[in-house]
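The values are calculated or read from the model by the stated rules, or taken from the named source; none is laboratory data. No experiment lies behind these values; they were computed from the predicted model shown. Because the Cβ atoms are built from the backbone with ideal geometry, glycine has one as well, and the counts that use them run over all protein chains shown.
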Amino acid sequence: MSGPAPEGRAGGTERGGGVGERDPRDPTTPYEPRPTLSDDGNGERAGRFWSTRRVPAALAALVVLGASGLLLYDIAAVRAGRQAMYWRRELAVQLARQPLDEPWVLVAAGVAMALGLWLLALALTPGLRGLLPMRRQSPLVRAGIDRDAAALTLRDRAMEVSGVRSARVRMSRSKVKVRALSHFRELGDVRDDLDRVLSAGIRELGLDRAPALRMRVRRPVKKR
């Protein structure tokens, strides 16, 4: 995890004559594109990590390979003068006789559509939602932090605030939800301290996209 950058650094070497620019006094210096900096100027913007999804891809490939191979073999056999396989002749007869508004036909079509949408979602989305990307200080290095670890870090920071009895932190890519119990001090003072401490903690996580902070501070329920 990276800490906050010192003041005055954003306008210095990283934005001015930083890494990736050619030195005009030395024409032999290799040119590299300057990385795109994040909003606070402390690193390159990093996208989400893409899951390899080896098991779904392997299963889909095996199913498609087996079905297409069997169908192509049957078509080639028919072209060679042989009779089509029994399953294809029986399937053609059943499809010709079966009405399309039968319940089992509609259920099968719905299952096939849901499976296709699921495969499309797997192909078009990055996955790995539990891994939050961090700002890239170098174009050669990518780093991420586990969402549960980040939430635990913020919870420890919240417990350091005076007056906080317990705290629960739930973290997503766009939001940090904090629920805290305060057993003394004014709730407004505790809320202000939590906002200051947790805002600093979120910045120190070095995330590529800082999530919004939402807090709820209340008194514990008194038992009768």
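Here are the numbers:
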item: All positions within the range 49-77 that are out of contact with any Leu (no Cβ under 6 Å at 6 or more places or on another chain) and among the aromatic types (Phe, Trp, Tyr); result: 50, 73
item: Residue match in the range 33-45 (condition: surrounded by 10 or more Cβ atoms within 10 Å (Cβ to Cβ) and modelled with pLDDT of 60 or more); result: yes
item: Conditions (1) closer than 24 Å to residue 218 by Cα; (2) not in a loop (DSSP other than H, G, I, E, B): number failed by residue 133; result: (1)
item: Filter result (at pLDDT below 80 and exposed (fewer than 13 other Cβ atoms within 10 Å of the Cβ)) within the range 138-148; result: 138, 140, 141
item: Residues being modelled with pLDDT of 90 or more and of a type in the set (D, E, K, R) - total across the range 65-121; result: 0
item: Odd one out for residue 135 among (1) more than 25 Å from the chain's Cα centre (by Cα); (2) surrounded by 10 or more Cβ atoms within 10 Å (Cβ to Cβ); result: (1)
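Let's see how each residue does on (1) under 17 Å from residue 204 (Cβ atoms); (2) within 13 Å of the chain's Cα centre (by Cα); (3) in contact (Cβ under 8 Å) with a residue 60 or more places away in the chain; (4) crowded, with 18+ Cβ neighbours inside 10 Å:
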position: 117; (1), (2), (3), (4): no, no, no, no
position: 150; (1), (2), (3), (4): yes, no, no, yes
position: 158; (1), (2), (3), (4): yes, no, no, yes
position: 166; (1), (2), (3), (4): no, no, no, no
position: 171; (1), (2), (3), (4): yes, yes, no, yes
position: 174; (1), (2), (3), (4): no, yes, no, no
position: 179; (1), (2), (3), (4): no, no, no, no
position: 185; (1), (2), (3), (4): no, no, no, no
